[in-house]
Each structure stands twice: as C-alpha cells, then as structure tokens.
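Q: Below: one structure in structure tokens.
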Amino acid sequence: MSARILLADDHPIVRSGLRTVFENEPTMHVVGEVGDGLKVFPLVESLQPDVLVLDLMLPGMGGLEIIRQVQAKMPQVRIVILSMHASEVYVAEALRAGALAYVLKNSDSQELVQSIRAVLAGQRYLSSSISEASVEAYRHVHRNGVDLYLTLSVRERQVLHLVVEGLTNQKIAEQLGIGVRTVETHRANLMRKLGVVNTAELVRYALKRGIQLP
C-alpha cells in the first residue's frame, strides 16, 4: 500500500520537483500540495496523509506552528521538514514541536525518500550534514527554560507570524477573516505575554525563536 504524502511549500517549482521524485517511488503517492501556511492544517484534516513534507518558511503561518497544530489534532501524521536552514535552532525547534525528520533542500532526492521511509517506520531522521550532537546540546540547554511562545493562543500565534511578515492590522484582519479591533486585541495580548513593546522587538524575538521572516 502506497504512503500518502502531502506537500507544503510555497514554491510551485519545488512542489513539482518533489512530486516527480515521489512518482518514481512505487510505495509513495502524493495526495495533494499547498503553498499557503494557513491552508495546510485544513488540508491535512481533509486528505488524511500519512506524511506531511513541510517547509518551515510558509506565508500566513510558519512551519513550527503548523507542526504543533497537526501534532495536537492528528499525531498519527508523520512530519518531515524540508528546509534550506541548517541551524540547530531551526532543527531543534522543529523536532521539539513534533517533526520526526529534518532534511535540507540541498540534499539529493534519495535522502528525502530515505527520510520518508524512516518516519513511516517511526524513526527520526536528520540530513547527513546536520550534527545530531549539536542539536541535542541545543535542546538540552533550552529544555528547562520557559517557552513564552507556548503561552500564546493559536490565534495570537497566527497574528504574530503575520505581524513579523510585515502585514498591517487591516491586512491581518482580511487574511484571518476577523475584525481589525480583534487583531489589535490579539496583538496587544501577545506582545504583553512575550514582554515586547514594539514591532522591532517582535522581529528580534522571531529571529531568536526561529520564526520565519519575509
């Protein structure tokens, strides 16, 4: 039986290349693709894939938040991160959020296929160029710290990601289908929880936390 794979990347040419890779694997089948971060979880719910191949840097909502949403509601979906970022910050945060594999975009196609096979077997997989020791060291250092990001509601996290992308309150309201006043309230609440007072500090927080920037 073929493994059902959902592709989430905002570059159509990347998705096309990935689809070609998996079409050549008789035990793997692409059931859908998406380029908007806000549409990933609804599509996961609808298509029920075995594996989600996910870029961390998606418009609308970043990959780390998507991992948390999927893990909270559909933990049976295995998540493979496909990213250009090799920093242990990104790798450790993705693994801590619930991803099982982290593959770099400069890897060859067989490494990605190998990662799919690994996660289907319940195993963790890291690209060969990523140091497992450095990732574990980072996770150990940060394990006992208070993660203020986890105190944010799902909607506050959505607003945070869109603010960091540079959207105005009006544009955020349109994107999320809520009122501007509601956006202002969420924005004030998340800034209070994170202990920041302006957008510049939010951006600095995002960089430290591994949240995507435009």
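Q: Along Cα→Cβ, 7 Å out, is where each label goes; now give me the distance between the ones at ALA86 and GLU184 in nm to one decimal.
A: About 4.7 nm separates the two model spin labels.
Q: Students often forget the sequence filter, so: which aspartates and glutamates lie under 13 Å Cα-Cα from LYS171 once same-chain residues fewer than 8 apart are removed?
A: Counting by Cα, and skipping residues close in sequence, LYS171 has these aspartates and glutamates nearby: GLU184.
Q: Placing +1 on the Cβ of each Lys and Arg and -1 on the Cβ of each Asp and Glu in the stretch 3-142, which of PRO59, ALA72, ALA121 has its Cα farthest towards the positive end of the resulting dipole?
A: ALA72
Q: I've got another one for you. Report the paramagnetic label zone for LYS171: residues of the stretch 42-70 whose backbone N is under 18 Å from a point 7 Å from Cα along the Cα-to-Cβ axis.
A: Hits in the stretch 42-70 for LYS171 at 18 Å: 57-62.
Q: About its Cα centre, what dipole magnitude does the chain give when the only charges are +1 on Lys and Arg Cβ and -1 on Asp and Glu Cβ, stated in debye to the nearest 20? Please list the in-between numbers first.
A: Details: 23 positive and 22 negative charges, 139 e Å.
I would put it at about 660 debye.
Q: Further question on the same structure: With springs only between Cα atoms under 10 Å, which of VAL164, VAL113, VAL34 fluctuates most in a Gaussian network model of the chain?
A: For the chain, modelled as a Gaussian network with Cα springs under 10 Å, the answer is VAL113.
Q: Where a ≥ b ≥ c are the square roots of the eigenvalues of the C-alpha gyration tensor, would you call the stretch 19-122 rounded, which needs a/c under 1.5, or, failing that, prolate if a/b is larger than b/c, or oblate?
A: On the way: a/c = 1.41, a/b = 1.10, b/c = 1.28.
Since a/c stays below 1.5, the shape of the stretch 19-122 is classed as rounded.
Q: Averaging sequence separations of C-alpha pairs under 8 Å and six or more residues apart, then dividing by the length of the chain, give the relative contact order as a whole percent.
A: On the way: 317 pairs, mean separation 33.4, N = 214.
Worked out over the chain, it gives 16 percent.
Q: For LEU150 paired with SER128, estimate the spin-label separation in nm (one decimal), with each label point 7 Å from Cα along the Cα-to-Cβ line.
A: Result: 3.5 nm between the two label points.
Q: When averaged across all projection directions, what area in nm² does the alpha-carbon convex hull of the stretch 148-209 cover?
A: Working: hull surface 14.6 nm².
Mean projected area of the Cα convex hull: 3.6 nm².
Q: Another question, then. How many percent of Cα pairs in the chain exceed 29 Å?
A: Summing the P(r) tail past 29 Å for the chain gives 25 percent.
Q: Can you tell me which aspartates and glutamates have their Cα less than 12 Å from the Cα of LYS105? Leave out same-chain residues fewer than eight positions away.
A: The reachable aspartates and glutamates, counting only those whose Cα sits under 12 Å from LYS105, are ASP9, ASP55.
Q: Based on the mean of other beta carbon atoms within 10 Å per residue, what is the order of 102-108, 10-16, most packed first?
A: Details: 102-108: 16.6, 10-16: 13.3.
Sorting 102-108, 10-16 by mean packing, highest first, produces 102-108, 10-16.
Just so you know, all these numbers are worked out from the coordinates, no wet-lab data involved. Every value quoted in this text rests on a predicted model; they were computed, and no experiment measured them. Backbone-built Cβ (ideal geometry, glycine too); neighbour counts: all protein chains shown.
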